[in-house]
Amino acid sequence: MRKNFGPAYTMPVAAWITGFFVIPLAVIFVYSFLKKGIYGGVVWQFSLDAYTALANRGLIVVAGKTLFQSATATILTLLLALPASYFIARSRYKNVFLFLVIIPFWTNFLIRIYAWIAILGTNGFLNGFLMSMGLIPEPFQFLYNQYAVIVVMVYTYLPFAILPLYATIEKFDFSLVEAAQDLGASKTQSMLRVLLPNIRPGIITAVLFTFIPAFGQYAVPQLVGGRDSFMLGNVIARELTVSRNLPLSSSISVVLTAITMIGVVLFVNLQVSAARNTPRTREPA
Amino acid sequence: MAHDTRRTSLFAFVVTMVFFYAPLLVLVLFSFNESKAMTWSGFSLRWYGDLLFHSRDLWHAVGNSAIIALSSASVSTLLGTLAAIGMYWYNFRLKNYVQVSSFLPLIIPEIIIGVSLLIMFGLTGMRLGLLTIFIAHTTFCLPYALLIVTSRLDEFDYSIVEAAYDLGATEAQTLLRVIVPVSLPGIIAAFLVSITLSLEDFVITFFVAGPGSSTLPLHVYSMIRFGVSPVINALSVVLIAGSVLLAFSTRGLFKYLIRN
């Protein structure tokens, strides 16, 4: 019998992930059940204060906003990404077009947000253009509202949705659509009832890649959002760094993590059942 | 193929491309603008001059980013590869724990990772700086490195390891002559992905960085907060050009990685 070196190979990762991921998560979990200290720390005394504080009306509104903004961004992203990736997959120049999707995908995240500030800001390109045309007398505030947050999130996540959708549409056997049409289905019917169900795994991946990071978003609302569009991520940061309410910051973190994990599990289950029910992709040659 | 479907999809594609590139083109155009304003007043390269010669803090941040990216990508690739090999080669009790706990960082919101590390660094009295950024980056790169090398090894027939043993190879020989060469494309990919993730990261770094340890994304963030600046326009163009060049130059590399 050979010696089992498995634990030795794996120990460094196990130690690292435990020390810098599992324990920090455990710490915020414990902190969420403690009392807030007067000067910003925690008092080591069991309390549900941080959870009862979640029922605060302001926080519920923020949670609703977070859900609304991330869901709207996801839907808009899909509405653009589905036909666009269909076009790329059906095109003769798919390599060129994919390349065009990958460039914004690789451009720095903050630069992509900044591009919108440069366009929509009060001193931005759009205001300058509209004023030089004499269409508006003074700069209009396009930024710092929920629409700006949604537009920038769509911009940020669109490549993440197009790439998995492209990958599934590319594998789809289009003779099935032709067959449906030969059997009397209309063009719309053949798209909605043959193509769409068959590319469900791709759609679910696209939703997962868009909705989950959008739901936990911090930077976009921080930079282009206003008071009406702050999300849970921003409240966590505010409670931690401004109000110094560690237990509350921790309890919101726990809830955000729980919702995200439930979301991922639901999507992955959908994914598995979709993959099981859609064997109709082209056999590899 | 149906004409109206083609027209609708062409329309969506054109909208997507305009949506992608119009903002980037505006940045490119105004990086050559003479005045500070976002209205055109004449061609000039002065903002590129400013970026090169009058942005010491920015270049300091670039240096920090490079140090962090190289060190955290190296450590996470090394540790991730070791763990992937160990879990491919052997079965043991720790395996399940590592699989689950190293998958979770992939799905947990970035802000939670940043906040929990910040709280823990506070608790242990660690001074925030390059070291804490390095720790954070290695933590979020490790799961990717592990995943990439594991998926490379999964495609690979285990009987070749057994064959190496049957032919008298020792553990070390099997590791260095069989397993490492086989996983090399995965190791390279893991390193490149880790570097990219590290250079890109803003949210987690934002929480664990201390005074004087700004990385490029943090520096860009602090500049953006003061609104439109022509120097950021110039920097954006440099970074966009960088991603175009990277996309071109890595095409060959990706073909190599996919082929192997």
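Since every read-out is calculated from the coordinates, none of them should be taken as a lab result. Since this is a predicted model, take the numbers as computed values, not measurements. In this analysis, Cβ positions are derived from the backbone assuming ideal geometry, glycine residues included, and neighbour counts consider all displayed protein chains.
Please give every one of the aspartates and glutamates within straight-line cross-link reach of residue A:187, meaning a C-alpha to C-alpha distance under 17 Å, and leave out same-chain neighbours fewer than 8 residues apart. Within the straight-line limit of under 17 Å, residue A:187 reaches these aspartates and glutamates: A:173, A:178, B:4.
Quick one: order B:219, B:137 by neighbouring beta-carbon count within 10 Å, fewest to most.
B:219, B:137
Note: relative contact order over chain B, using C-alpha pairs below 8 Å and six or more positions apart, is 31 percent.
Of all the stretches in chain B, which is the longest one without any exposed loop site, taking chymotrypsin sites (Phe, Trp or Tyr not before Pro) in a DSSP loop (any state but H, G, I, E, B) with at most 11 other Cβ atoms within 10 Å?
On the way: sites that count: B:158, B:226.
Here the longest segment lacking exposed loop sites spans B:1-157.
Amide hydrogen proximity for residue A:36: with H placed 1.01 Å from N in the peptide plane, the residues at 5 or more positions away or on another chain lying under 5 Å are A:43. The largest-to-smallest principal axis extents of the Cα set in the protein assembly as shown are 85, 74, 52 Å.
Once you average over the residues of B:116-127, how many Cβ atoms of partner chains fall within 10 Å of each Cβ?
Per-residue shielding by partner chains comes out at 5.
The value of relative contact order for segment B:3-46, using C-alpha pairs under 8 Å at least six residues apart, is 22 percent. Over the residues of the protein assembly as shown, the helix contribution to mean residue ellipticity at 222 nm works out to -24000 deg cm²/dmol, using -39500 (n - 2.57) for each DSSP H run of at least 4.
Residue-normalised convex hull volume from the C-alpha trace of chain A: 239 Å³ per residue.
Among the DSSP helices (H) of chain B, those spanning at least 30 angstrom by Cα along their long axis with an average Kyte-Doolittle hydropathy of 0.0 or more are B:3-31, B:56-89, B:130-154, B:230-259; this is a geometric and hydropathy rule only. Legend: calculated FRET efficiency, residue B:99 to residue A:241, from the Cβ-Cβ distance at R0 = 51 Å, rounded to 0.05, equals 0.90.
For A:149, B:161, which order do you get if you count the other beta carbons within 10 Å of each Cβ and list the fewest first?
Values: A:149 29, B:161 18.
With the sparsest Cβ surroundings first, the list reads B:161, A:149.
Where in segment A:106-170 are there chymotrypsin sites (Phe, Trp or Tyr not before Pro) that are in a DSSP coil and have at most 11 other Cβ atoms within 10 angstrom of their Cβ? When the chymotrypsin sites (Phe, Trp or Tyr not before Pro) of segment A:106-170 are filtered for loop state and at most 11 Cβ neighbours within 10 Å, nothing remains.
Is there a simple number for the mean count of other chain Cβ atoms within 10 Å of the Cβ of residues in B:21-30, and what is it?
Details: counts 3, 3, 14, 6, 1, 8, 8, 1, 1, 5.
For peptide B:21-30, the averaged partner shielding equals 5.
Applying the criteria of a DSSP loop state and at most 10 other Cβ atoms within 10 Å to the trypsin sites (Lys or Arg not before Pro) of segment A:1-109 yields A:2, A:3, A:92.
Let me have the relative contact order for chain A, percent, based on Cα pairs under 8 Å that are six or more residues apart.
On the way: 325 pairs, mean separation 77.4, N = 285.
Rounded, it is 27 percent for chain A.
Within the straight-line cut-off of under 20 Å between alpha carbons, the aspartates and glutamates reachable from residue A:36 are A:49, A:239, sequence neighbours fewer than 8 places apart in one chain being disregarded.
Among the residues of B:219-232, the average count of other protein chain beta-carbon atoms within 10 Å of the residue beta-carbon is 4.
Hand me the GluC sites (Glu not before Pro) from segment B:151-260 located in a DSSP loop with no more than 16 other Cβ atoms within 10 Å, in residue order please.
Values: sites: B:155, B:162, B:171, B:200; in loops: B:155.
Answer in residue order: B:155.
What FRET efficiency, computed as 1/(1 + (r/R0)^6) with R0 = 60 Å and r the Cβ-Cβ distance, is obtained for residue B:8 and residue B:177, rounded to the nearest 0.05?
On the way: r = 55 Å, r/R0 = 0.92.
Efficiency at R0 = 60 Å is approximately 0.60.
With a cut-off of 12 Å between beta carbons, the residues surrounding residue A:43 carry a summed charge of +1, where Lys and Arg count +1 and Asp and Glu -1. May I ask you to derive the FRET efficiency for residue B:157 and residue B:250 from their Cβ-Cβ distance with R0 = 22 Å, giving the value to the nearest 0.05? Here the calculated transfer efficiency is 0.20. Note on residue A:3: aspartates and glutamates with a C-alpha under 20 Å away, same-chain residues under 8 apart excluded, are B:162, B:166, B:171.
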